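Notes to accompany the following structure.
The values are calculated or read from the model by the stated rules, or taken from the named source; none is laboratory data. Everything numeric in this text was worked out from a predicted model, so none of it was measured. Cβ atoms come from the backbone with ideal geometry, glycine included; neighbour counts cover every protein chain shown. Only protein heavy atoms, including side chains, enter the accessible area calculation; ligands, DNA and RNA are left aside. Shrake-Rupley method; radii C 1.70, N 1.55, O 1.52, S 1.80 Å.
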Amino acid sequence: MDTEKQPESIENTGSVIEENVNHEALMNELNARGARIIRLEQDIATNESEIVALKIELDGLKQAVDARDRAMALAVVDFKQTIVEANPGLPPELIAGDTIAAVKESLYNARAIVEKVRQEMDAAAARARIPAGAPQRLAPDLSGLSPREKIQQGLK
């Protein structure tokens with residue numbers, strides 16, 4: 001019976017050794033995963049601080065863009081005023097736009113409109129022109145009058 005118990009204890013010893021090896025492997029894996037978790041938490045903390053820094057930089061850039069936009073809007077208003085003052089023959093209402101390019105385009109369009117109106121007015125004035133001096137006197141045309149009307153016309 002002793003011999004029978006020995007194999008059981010050897011088997012038990014083998015399973016205990018296997019359990020110890022498995023336990024040791026699991027502990028190593030657990031330690032490795034713990035170290036990885038620590039590294040990932042450090043990476044998260046680093047990324048969060050970078051995100052905060054980038055948000056601060058983004059806010060600064062937004063403020064700079066807003067300041068630039070306000071300055072550009074003032075420059076466009078000044079440019080419009082200069083264009084209106086430099087072109088007194090153009091109606092100020094025709095000069096419009098929110099950008100310098102749009103103001104320039106409206107200036108070219110306004111000039112074209114004013115030139116077209118000027119040409120149409122000159123053409124209308126030419127059509128309505130009355131020649132200088134008195135017209136030649138012509139005898140009235142009596143061919144369509146009756147004899148009585150002709151006599152009356154002659155008495156006048």
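Round to a whole angstrom and tell me the spacing of the C-alpha centers of segment 15-67 and segment 105-119. Segment 15-67 and segment 105-119 have Cα centres spaced 67 Å from each other.
Shown here: segment 38-111, whose C-alpha atoms stretch 76, 17, 13 Å along the first, second and third principal axes, sorted largest to smallest. Scattering from the C-alpha atoms of segment 79-145 alone, worked out with Debye: what is log10 I(q)/I(0) at q = 0.26, 0.27, 0.28 1/Å? For the requested q values the scattering log ratios are -1.06, -1.11, -1.15.
Kirkwood radius, the chain, all distinct C-alpha pairs, inverse of mean reciprocal distance: 27.9 Å. In this structure, Ala112 and Ala75 have a Cβ-Cβ separation that, at R0 = 30 Å, corresponds to a calculated FRET efficiency of about 0.75.
Computed per residue of the chain from DSSP H runs no shorter than four, each worth -39500 (n - 2.57), the mean residue ellipticity at 222 nm is -29000 deg cm²/dmol. Taking 7 Å steps out from each Cα toward its Cβ at Ala101 and Ala32 produces label points 5.9 nm apart. With a 1.4 Å probe and all protein chains left in place, how much of the accessible area of segment 63-117 comes from carbon and sulfur atoms, in whole percent? Of the solvent-accessible surface of segment 63-117, carbon and sulfur hold 61 percent. Grab the other residues whose beta carbon is less than 11 angstrom from that of Leu30, score K and R as +1, D and E as -1, and report the net. Within the 11 Å Cβ shell, the charges total 0. The slack between Asp43 and Thr82, meaning 0.36 nm per residue of separation minus the straight C-alpha distance, is 8.3 nm. Per residue, the solvent-accessible area of segment 77-156 (1.4 Å probe, heavy atoms of protein chains only, all protein chains present) comes to 86 Å². Between the helical axis of 2-86 and the longest alpha-carbon principal axis of the chain there is an angle of about 20 degrees.
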